Amino acid sequence: MAAAAFRGGAPWRLGLTAALAAAAVDQAVKLWLLHGFGLTERGRVPVTSFLDLVLAWNTGISYGLFQDAGPLWQWVLLGLKTVAVVLLLAWLARTRSRFAGIALGLIVGGAIGNAIDRAVHGAVMDFVLFHVTAGAWAFQWYVFNLADAAIVAGVIGLVYESLFLQDTPKLP
């Protein structure tokens, strides 16, 4: 990699900062909810008319898929996540776009936050539940966490850049 990529403000620095921040905030909030706030004992906690805190342990993958696959599957998921993080870090090291660097960092940080959960707890701790009720009609989104939100924000950032920012100047 060119030495210019390692100068202050380089995309990889921004990406690593975003990754560390996303993983740290995710883990800090989860620890506080478990040990400071006592979410386990409180059960479902209404925050607004459309948002609740609720503890859910996801042993599967996104959207709760493969929940009953067993402990071997947990290690397979952790291995796949590790490979994905390594590939994303390689992409981050090569990007010349600050925007993409931050987006990739958010994805990496979210993946690391969820991987920490999977390694420590054997499942990912989810706690945010959006819901809407209008008369007899009700809708609940799946339960997610801040790491998931970081991953989604990073993916949206990459899509946005690919659609709208392709002509912006890149770093040398």
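The values are calculated or read from the model by the stated rules, or taken from the named source; none is laboratory data. None of the values given here were measured: they were computed from a predicted structure. Using ideal geometry, Cβ is built from the backbone for each residue, glycine included, and neighbour counts are taken over all protein chains shown.
Can you tell me which residues in region 68-102 are modelled with pLDDT under 90 and hydroxyl-bearing (Ser, Thr, Tyr)?
Once the filter is applied, which keeps residues that are modelled with pLDDT under 90 and hydroxyl-bearing (Ser, Thr, Tyr), region 68-102 yields only Thr82.
Go through region 103-129 and give me each residue that's buried (at least 22 other Cβ atoms within 10 Å of the Cβ), within 16 Å of Ala56 (Cβ to Cβ) and modelled with pLDDT under 95.
Asn114, Val124
Conditions first: (1) buried (at least 20 other Cβ atoms within 10 Å of the Cβ); (2) within 15 Å of Ala23 (Cβ to Cβ); (3) out of contact with any Ser or Thr (no Cβ under 9 Å at 6 or more places or on another chain). Asp148 passes all but one, so which condition is the exception?
Asp148 satisfies every listed condition except (3).
Can you pull out every residue in region 30-63 that is part of a helix (DSSP H, G or I) and under 14 Å from Met125 (Cα atoms)?
Result: Lys30, Leu31, Trp32, Leu33, Leu34, His35, Leu39, Thr40, Ser62, Tyr63.
List pairs: first residue in region 135-164 and within 23 Å of Ala28 (Cβ to Cβ), second residue surrounded by fewer than 17 Cβ atoms within 10 Å (Cβ to Cβ) and of a type in the set (S, T, N, Q) anywhere in the structure, Cβ distance under 8 angstrom, at least six positions apart or on different chains.
So the pair list comes out as Asp148/Ser62.
Kindly list, by first and then second residue, each pair from a residue in region 86-99 that is within 14 Å of Leu158 (Cα to Cα) to a residue that is β-branched (Val, Ile, Thr) and at pLDDT 95 or above, limited to pairs with Cβ atoms under 6 Å and residues at least 6 apart or on different chains.
If the second residue must be β-branched (Val, Ile, Thr) and at pLDDT 95 or above, the pairs left are Leu88/Ile107; Leu88/Val108.
Against the condition under 24 Å from Asn58 (Cβ atoms), β-branched (Val, Ile, Thr) and out of contact with any Cys (no Cβ under 7 Å at 6 or more places or on another chain), how does Val159 come out, does it pass?
Judged against the criteria, Val159 is not a match.
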